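Structure record follows, encoded as structure tokens.
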Amino acid sequence: MSPEEIAVLAVCISCAVVLVVIFIYYNNNVLTLTKYKVQSPKVPERGLKIVHLSDLHAKLFGRGGRRLFKLVAAEKPDIICFTGDIIHNYKGGGMEVAAYTVSRLVKIAPVYFIAGNHEMRNKNYRALKKAIADAGAHVLDNQAEKVYGINLVGVNGAHLKNATPFKLADGLDGYRLLLAHEPQYIARYAMAGYDLVLSGHAHGGQWRIPFTHIGVYSPGQGLFPKYTEGVHSVGDMKMIISRGLGNSEFPLRIFDRPEVVVITLEKL
């Protein structure tokens, strides 16, 4: 090759590397906002606006997380629901980031948190739970609370497959909103009588096929999982799945930007 051809090749390679870096950064750091409206005759007259966050994995968006906090604040939610995996790994990485994030979010609206699989497998779960509660969150550890006339139920990640979701729903009058980290148990949630379920866990399939909503892999579902994002229905029950915010063992999202979900509940 001539010196001129080598120079052109070097420029092309450099441009390609820059484009790949920009592409990866965009897919993993630029937040997307997804909005849903859910109507039901069971919803109280005033309704409820929810920001749904999931799977942060101790990630900060912008300096001090300000891009995430600014986006959430702009939506002026009544409550913020966080459906698990706020820490980074089973060893408890990111506990400080988790508490800090909650402390900032509670200044925007009340935060309701449930534990995902990463919290449940963490040996320091009690310390993490206390840190999140001390930061101001309502930790719904297999508990139910009445929030603006709606039954808000939280099941931690260790009790999704047993009788706990059924026991917590039993005897609740009115609209039943369940926070449950893993979406693949959708049929059980419907059998328990919930009206709406908020889940995460699948990370949108981690990699998505371009121009589709098809994810490649999810823990608990395997290859090309069915439940990775969006709205799914079983009978009268709806489940809304967040693609989540951060990454876990696999460090990259592709065609799967981190997501903040906003849900407006309205009386039908």
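The values are calculated or read from the model by the stated rules, or taken from the named source; none is laboratory data. Given the structure is predicted, the values throughout are model-derived calculations rather than measurements. Positions of Cβ are backbone-derived with ideal geometry, glycine not excepted, and every protein chain shown enters the neighbour counts. Calculation scope for accessible area: heavy atoms of the full protein, side chains included, ligands and nucleic acids excluded. Shrake-Rupley method; radii C 1.70, N 1.55, O 1.52, S 1.80 Å.
Compute the angle between helix 95-105 and the longest alpha-carbon principal axis of the chain, please, reported from 0 to 90 degrees and rounded to the nearest 10. The answer is roughly 70 degrees. Against the chain, whose longest principal axis is taken from its Cα atoms, helix 3-29 shows a tilt of about 10°. Here the Karplus relation 6.51 cos²θ - 1.76 cosθ + 1.60, evaluated at θ = phi - 60°, turns the backbone of the stretch 151-162 into coupling constants of 7, 9, 10, x, 10, 6, x, 8, 10, 6, 9, 9 Hz, with x for every Gly and Pro. Leaving out same-chain residues fewer than 8 places away, which lysines sit with a Cα under 27 Å from that of residue 42? Once the sequence-local lysines are set aside, what remains near residue 42 is 76, 146, 161, 167, 238, 267.
The helix-only estimate of mean residue ellipticity at 222 nm for the chain, built from DSSP H runs of length n ≥ 4 each weighted as -39500 (n - 2.57), is -8000 deg cm²/dmol after division by the residue total.
Packing around the peptides 24-37, 55-68, taken as the average count of other Cβ atoms within 10 Å per residue, puts them in this order, highest first: 55-68, 24-37.
Look at the alpha carbon pairs under 8 Å that are at least 6 residues apart: their mean separation over the length of the stretch 87-217 gives a relative contact order of 18 percent. On a 0 to 90 degree scale, rounded to 10, what angle separates helix 125-134 from the longest Cα axis of the chain? Orientation of helix 125-134: about 80 degrees from the principal axis. Ordering 78, 256 by accessible surface, largest first, gives 78, 256; the 1.4 Å probe counts only protein heavy atoms, with every chain in place. Ordering 199, 248, 14 by accessible surface, largest first, gives 14, 248, 199; the 1.4 Å probe counts only protein heavy atoms, with every chain in place. Across 234, 17, 97, mean-square fluctuation computed from a Gaussian network of the chain (C-alpha pairs under 10 Å connected) peaks at 17. Ranked from largest to smallest solvent-accessible area, with a 1.4 Å probe on the protein heavy atoms, 1, 237, 120 come out as 1, 120, 237. Restricting the calculation to Cα atoms, the stretch 1-59 yields a radius of gyration followed by a Dmax of 23.7, 75 Å.
For the stretch 57-211, the gyration tensor built on C-alpha atoms gives a rounded shape. Its axis ratio a/c (a ≥ b ≥ c) stays under 1.5. Rolling a 1.4 Å probe over the protein chains gives residue 42 an accessible area of about 100 Å².
Of all DSSP bridge pairs formed entirely within the stretch 130-265, close to 50 percent run antiparallel. Look at the dipole of the stretch 120-263 built from charges on Cβ: of 120, 196, 185, the Cα furthest out on the positive end belongs to 120.
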